[in-house]
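The block underneath contains the structure these notes are about, expressed in structure tokens.
Throughout, read-outs are computed from the coordinates displayed, never taken from laboratory work. Since the structure is predicted, the reported quantities are computational estimates derived from the model, not experimental observations. Here Cβ is always computed from backbone atoms with ideal geometry, including for glycine, and neighbour counts include all displayed protein chains.
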Amino acid sequence: MELSPPDAKRFWKLMHSVLLWVNRRHGLAPGVETPQAFKGLPDDRKFRIRRTLFDDLDGLAQYVAANPDGFPPEDLEIVRSWRNRVEGKFFVERFLRKHAIFIDRQDVYGVVGLIDPIEDLLAGFPKPAYVSAILLPFKGLIVIDGLLEPHFVSVGGGIRRSLAETYRRATLNGRIITSLPPTSPTPAPAPKPSKKWAQAFRGLLDKAESWKAGKGDPKVLAPTLNLAKACLALGECAGDPQAGLPSLWERYDDCRRKLTTVFRTLSRLEP
């Protein structure tokens with residue numbers, strides 16, 4: 001996903017204004033006074049100007065106070081919000097319809113492109129891509145600042161699996177950061193708890209109480225029946241809105257023990 005054309009135009013209007021102001025203050029690229037001239041600079045000069053901007057965040061406050069281009073208050077507030085930037089190296093783990101997933105250790109960000117989707121900017125780089133980036137807030141979203149620096153690194157299977165697990169954990173627990181500074185998500189109204197699944201599993205468990213292997217049954221049947229009962233108990237716990245995580249883990253561990261018994265029985269059987 002990328003910004004709408006009007007929003008992208010607004011972002012670049014503000015960003016170019018700030019970068020040109022920083023350039024004039026510090027004399028980093030003499031004679032560069034317009035966005036077109038800035039775009040024509042070599043990348044290393046652009047990075048130097050951008051580095052100067054974000055190394056001195058007091059400069060943002062000074063820019064807002066000076067307001068050299070006469071922007072309205074709502075535009076100045078956007079610039080002021082950039083003090084909440086997040087800077088570092090990230091793995092771009094996957095591309096979703098709403099945003100690209102940037103991962104820095106255990107922090108997972110949903111990041112939107114400016115003019116082009118981030119996936120297009122990283123075409124030709126191995127996935128997951130490893131990039132240096134500055135993430136900025138913009139109108140309730142997180143965007144890159146316009147300068148994305150990919151690194152050619154080889155990512156092994158272990159790192160891929162770890163990144164995918166980090167993403168899944170963040171998704172499951174509602175921890176994907178989509179605004180800066182991060183805020184605790186407002187929980188949606190919880191639906192009325194239902195115990196229909198817990199009751200359904202309880203009904204099956206009641207019937208399962210009579211399941212017993214006889215002398216003439218296969219040797220593996222008895223531990224298999226015990227495994228089935230343990231799985232039904234786990235299902236009852238999973239369907240109970242009041243069941244806590246410790247109870248779920250307890251039922252899960254019981255299932256694992258019963259499964260191990262089935263495995264050992266099968267391993268001991270001779271053809």
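Note on volume of the Cα convex hull per residue in Å³: of the candidates (i) 130; (ii) 230; (iii) 187, the value calculated from this structure sits at (iii).
In the elastic network of the chain, a GNM with C-alpha springs shorter than 10 Å, the most mobile of P126, P150, P241 is P241. For the chain, the longest principal axis of the alpha carbon atoms and the long axis of helix 5-26 meet at an angle near 50°.
Of all DSSP beta bridges confined to segment 67-116, the antiparallel ones make up roughly 100%. Counted over the chain, the DSSP beta bridges are approximately 85% antiparallel.
Once both labels are modelled 7 Å past Cα along the beta-carbon direction, what's the E77-K89 spacing in nm? Computed distance between label sites E77 and K89 equals 3.8 nm.
Considering the chain as a Gaussian network with a 10 Å cut-off on Cα pairs, which listed residue, L172, L225, L19, attains the greatest mean-square fluctuation? Greatest mean-square fluctuation among the candidates belongs to L225.
Put simply, when 26-34, 209-217, 152-160, 229-237 are sorted by average Cβ atoms within 10 angstrom per residue, most first, you get 229-237, 26-34, 152-160, 209-217. Expressed in units of 2.2 N^0.38 Å, where N is the residue count, the Cα radius of gyration of segment 5-82 is 1.04. Among A164, A222, A61, the largest mean-square fluctuation in a Gaussian network model of the chain (Cα springs under 10 Å) belongs to A222. With a Förster radius of 41 Å applied to the beta-carbon distance between K192 and R160, the computed FRET efficiency rounds to 0.50.
Based on the convex hull around the alpha carbon atoms, segment 109-249 presents an average projected area of 14.4 nm².
Dimensions of segment 196-268 based on its C-alpha atoms, expressed as ranges along the principal axes with the largest first, amount to 40, 23, 10 Å.
Counting neighbouring beta carbons within 10 Å and listing from fewest to most, the residues W12, W82, W197 come out as W197, W12, W82. Kirkwood radius, segment 85-177, all distinct C-alpha pairs, inverse of mean reciprocal distance: 13.3 Å. Each residue in F90, F71 was given a count of other beta-carbon atoms within 10 angstrom of its own, and listing them fewest first yields F71, F90.
The stretch between D43 and D56 holds 2.7 nm of extra length on full extension. This uses 0.36 nm per residue minus the Cα-Cα distance.
Charge tally around Q62: other residues with Cβ under 13 Å, Lys/Arg +1 each, Asp/Glu -1 each, net +2.
The long axis of helix 43-55 is offset from the longest Cα principal axis of the chain by roughly 80 degrees. Overall, segment 85-177 carries a charge dipole of about 440 debye about its Cα centre when +1 sits on the Cβ of Lys and Arg and -1 on the Cβ of Asp and Glu, all other atoms neutral. For K195, the lysines whose Cα falls under 22 Å of its own Cα, not counting residues fewer than eight places away in the same chain, are K207, K229.
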